[in-house]
Each structure stands twice: as C-alpha cells, then as structure tokens.
Amino acid sequence: MIIAKCKYRHWLPRLIGYAGITLGRTIYFAGEEGTISSKLYKHELQHVRDIRADGLIKFYWLYLFWFARLLCKLRNWGKAYRAIPYEKRAQKAEQRTMQPEDLEALGLYGYRHGLKLVLRHTPKKKGKKK
C-alpha cells in the first residue's frame with residue numbers, strides 16, 4: 001500500500017537548504033527522480049510513518065516543541081535539529097536495509113545499475129477504456 005507521495009525537483013527543500021522535506025503524506029525532494037539516495041528515501045519515509053502513528057497535528061507540535069527546547073539548550077541550529085527525537089529515529093532508519101515494503105510504501109521499484117541501487121516510481125497501469 002502506498003502511504004506517501006513523492007514530488008521531485010521541488011522548490012521547497014531548495015528554499016530551506018535540505019535535500020528533502022516531508023509535509024503530511026507528501027515528500028518533497030530537491031533532486032530529480034532516480035538521483036535520490038535510498039538513505040534519503042528511508043529517512044523521509046520514517047517521518048511519514050511517524051506522522052501516521054502520531055497524527056499530523058501531534059507530530060508537528062512535538063517536532064517544533066522539541067526543536068525549540070533543544071535550540072534553547074544547545075544554542076546550535078544543526079545540533080538541535082539532529083537531536084529532535086523524530087530526527088534521531090529517521091537517522092536510524094537511514095541505516096536499515098531498504099525493504100520491499102519500503103519500496104511499496106513509496107510506490108517505487110528498485111534495480112541495480114552497477115553498484116548503485118536506482119529507485120524509480122512504479123509505472124501506472126493503463127486501464128482499458130470502454
């Protein structure tokens with residue numbers, strides 16, 4: 001079951017200086033399809049799973065709460081960002097092996113091109129028109 005939509009070459013992650021950002025069930029990537037690393041897919045997919053588990057409002061409220069609290073404590077934007085519990089979970093997800101259910105959740109399929117795993121969106125099946 002597809003649980004996330006992916007948008008590529010989007011202005012939003014570029015505007016804030018990130019390779020990807022998740023808003024609700026949609027993941028926005030700065031790069032083009034086929035150039036996104038499996039590590040980034042897994043990171044952003046973990047955010048989608050957290051949003052599904054906690055609910056949209058609770059997720060973003062807690063995310064902002066933790067960021068503000070950690071920023072006051074650490075006085076460093078990057079350290080505060082990486083210490084947010086949701087980001088720690090997403091960073092752990094990056095280290096896991098991409099599973100078939102991860103690909104399915106993103107509507108992707110993977111194939112090897114040399115040593116690199118290339119991920120593409122599953123082609124939509126053309127329905128018969130009557």
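Derivation of every value follows stated rules applied to the coordinates shown; laboratory data play no part. As the structure is a prediction and not an experimental result, all values here were calculated from the model. Positions of Cβ are generated from backbone atoms using ideal geometry, with glycine treated the same way; all protein chains shown enter the neighbour counts.
In the list Asp50, Asp54, which residue meets the criterion of being more than 17 Å from His121 (Cα to Cα), in contact (Cβ under 8 Å) with a residue 24 or more places away in the chain and among the acidic types (Asp, Glu)? If you could, list the steps in order and put the result at the bottom.
Working: Asp54 fails: in contact (Cβ under 8 Å) with a residue 24 or more places away in the chain.
On inspection, the qualifying residue turns out to be Asp50.
Which members of region 93-108 meet the condition of being assigned to a helix (DSSP H, G or I), in contact with a helix residue (DSSP H, G or I) (Cβ under 9 Å, 6 or more places away or on another chain) and in contact (Cβ under 8 Å) with a residue 40 or more places away in the chain? Working first, answer last.
Step one: of region 93-108, the residues assigned to a helix (DSSP H, G or I) are 93-95, 100-106.
Subsequent filtering for residues that are in contact with a helix residue (DSSP H, G or I) (Cβ under 9 Å, 6 or more places away or on another chain) retains 93-95, 102-103, 105-106.
Of everything in region 93-108, those that are assigned to a helix (DSSP H, G or I), in contact with a helix residue (DSSP H, G or I) (Cβ under 9 Å, 6 or more places away or on another chain) and in contact (Cβ under 8 Å) with a residue 40 or more places away in the chain turn out to be Ala93, Glu94, Asp102, Ala105, Leu106.
Quickly run through region 1-28 and pick out the residues that are touching a Pro at 6+ places or on another chain (Cβ under 7 Å) and closer than 23 Å to Asp54 by Cα.
In the first step, residues of region 1-28 are kept if they are touching a Pro at 6+ places or on another chain (Cβ under 7 Å); the result is 19-21, 28.
Within region 1-28, Gly20, Ile21, Tyr28 qualify.
Let me confirm something: among Ala19, Ala68, Ala4, which residue is free of Cβ contacts under 8 Å to residues at least 12 places away in the same chain and of a type in the set (A, V, I, L, M)? Before you say what the answer is, go through the steps one by one.
Numbers: Ala19 fails: free of Cβ contacts under 8 Å to residues at least 12 places away in the same chain; Ala4 fails: free of Cβ contacts under 8 Å to residues at least 12 places away in the same chain.
Exactly one residue qualifies, and that residue is Ala68.
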